[in-house]
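Presented below is the structure to which this report refers.
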Amino acid sequence: MRISMKLLSTIVLITNLSFIYIRANAQHFQEPPVTDSNWIKPYKPFRIAGNLYYVGTYDLASYLIVTSGGNILINTGLAQSVPIIKSNIEALGFKFSDIKILLATHAHYDHVAGMASIKKATGAKLMINENDAQVMADGGSSDFVFGGRGSLFAPVKADRLLHEHDTVKLGDMKIIVLHHPGHTRGACSFLFDVKDEHRSYRVLIANMPTILPQTKLSGMPGYPNVGKDYGKTLDDLKKIQFDIWLSSHASQFGMLEKHKPGDGYRPEAFIDRAGYDEAIDDLQKNYLKRLQEK
Ligand SMILES: [Zn+2]
């Protein structure tokens, strides 16, 4: 009787400890409330071009690049996007555990909040621009706009720091990293070739230089050169040559107009230089307007 009482109290203690542990973990970060329901609405995954697939939600874009040496995932969306991404990858016939490399267009919670859990589940290596690495490691609490409110997503340490024009290689795939700062200090675009049975396509996943309402282009305490960086990023983006362009949000490259759920394989739907030039032009106009603000 004494033994079983002791056993019982041990079980109670363990249960309490694990409860406290889970609570402590849950309180470790506080994701801002979802303001756009399209962020968490599932979307049918599809093959964009060659070995490149869309596995994100209705608006938060995530891309899977399938290579001979395992797969690369670009962007994770919110923490709650992870089960959607996982089932999208599996619906396409690929294994979640084959993700070897994790990349992100920029370290905001709506694109990277799932990094920590996917890294843990798959053992993939997280590669992030050197200027976004600290924000990733503190869960966004040092972000120059959203910072100062504690962690907004699960903190995660990068395995490799990326710099302008670095190359990320996996199997037969080579991705060129383009540093396009402004939206965050380490925002990046990715340029690479994908192939199908007919031809190859040069793909640009562009981090569009949108400007948050809180950002002052005259300089922020955590980012004095923000205005200058936006200007350079806009100039750089105009010069890039590609066949297909995509971005961090489906709405930014008009995915829903170019592809309907259930459509067949149509890479040519994403060949749209004019749409890209127009989008960059709008961002340039907004940039010039915002430069006037004090
Ligand atoms: Zn963002």
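Contact annotation: residue pairs with Cβ atoms under 6 Å, 6 or more positions apart or on different chains, pairing a residue in region 166-191 that is more than 28 Å from residue 215 (Cβ to Cβ) with a partner that is in a loop (DSSP other than H, G, I, E, B), are 170/69; 171/69. Please verify whether region 95-102 includes one or more residues that are modelled with pLDDT of 95 or more and of a type in the set (Phe, Trp, Tyr). Looking through region 95-102, at least one residue is modelled with pLDDT of 95 or more and of a type in the set (Phe, Trp, Tyr). Look at region 210-233: where a residue is within 22 Å of residue 253 (Cα to Cα) and open to solvent by 30 Å² or more (accessible area, probe 1.4 Å) and a partner is part of a helix (DSSP H, G or I) and at pLDDT 95 or above, sitting 6+ places away or on another chain with Cβ atoms under 9 Å, you get 210/252; 210/283; 210/286. As for region 96-106, it holds no residue that is within 9 Å of the chain's Cα centre (by Cα), within 14 Å of the ligand (Cβ to nearest atom) and free of Cβ contacts under 8 Å to residues at least 60 places away in the same chain. A single member of 123, 93, 150, 70 is at positive phi, in contact with a Ser or Thr (Cβ under 6 Å, 6 or more places away or on another chain) and surrounded by fewer than 21 Cβ atoms within 10 Å (Cβ to Cβ), and it is 150.
Results for (1) more than 26 Å from residue 225 (Cα to Cα); (2) among the aliphatic types (A, V, I, L, M), shown as yes or no for each residue.
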| position | (1), (2) |
| --- | --- |
| 88 | yes, no |
| 101 | yes, yes |
| 123 | yes, no |
| 126 | yes, yes |
| 141 | no, no |
| 144 | no, no |
| 149 | no, no |
| 170 | yes, yes |
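Could you grab the pairs with beta carbons closer than 8 Å, sequence gap of 6+ or different chains, first residue in region 109-137 and touching a residue at least 40 places away in the same chain (Cβ under 8 Å) and closer than 18 Å to residue 183 by Cα, second one of a type in the set (Phe, Trp, Tyr) and open to solvent by 10 Å² or more (accessible area, probe 1.4 Å)? Between residues of region 109-137 that are touching a residue at least 40 places away in the same chain (Cβ under 8 Å) and closer than 18 Å to residue 183 by Cα and residues that are of a type in the set (Phe, Trp, Tyr) and open to solvent by 10 Å² or more (accessible area, probe 1.4 Å), the close pairs are 109/146; 110/39.
Just to be sure, is residue 244 farther than 24 Å from residue 38 by Cβ and either touching a residue at least 24 places away in the same chain (Cβ under 8 Å) or of a type in the set (D, E, K, R) (or both)? No. Total residues in region 109-144 satisfying the condition of being among the acidic types (Asp, Glu), within 16 Å of the ligand (Cβ to nearest atom) and not in a helix (DSSP H, G or I): the figure is 2. Taken over region 255-271, residues that are crowded, with 16+ Cβ neighbours inside 10 Å and touching a helix residue (DSSP H, G or I) at 6+ places or on another chain (Cβ under 7 Å) amount to 4.
Can you name the residue in region 183-207 that is within 16 Å of the ligand (Cβ to nearest atom) and open to solvent by 10 Å² or more (accessible area, probe 1.4 Å) and, of all such residues, is farthest from the chain's Cα centre (by Cα)? Restricting to residues being within 16 Å of the ligand (Cβ to nearest atom) and open to solvent by 10 Å² or more (accessible area, probe 1.4 Å), the top hit is 185.
Scanning region 73-86 for residues that are surrounded by 24 or more Cβ atoms within 10 Å (Cβ to Cβ) and not in a helix (DSSP H, G or I) turns up 73, 74, 75, 76, 77.
The values are calculated or read from the model by the stated rules, or taken from the named source; none is laboratory data. All figures in this text were calculated on a predicted structure; none of them were measured in a lab. Don't worry about glycine lacking a Cβ; one is built from the backbone with ideal geometry, like all the others, and counts go over all protein chains shown. The area values use the complete protein model at the heavy-atom level, side chains included, leaving out ligands, DNA and RNA. Shrake-Rupley method; radii C 1.70, N 1.55, O 1.52, S 1.80 Å.
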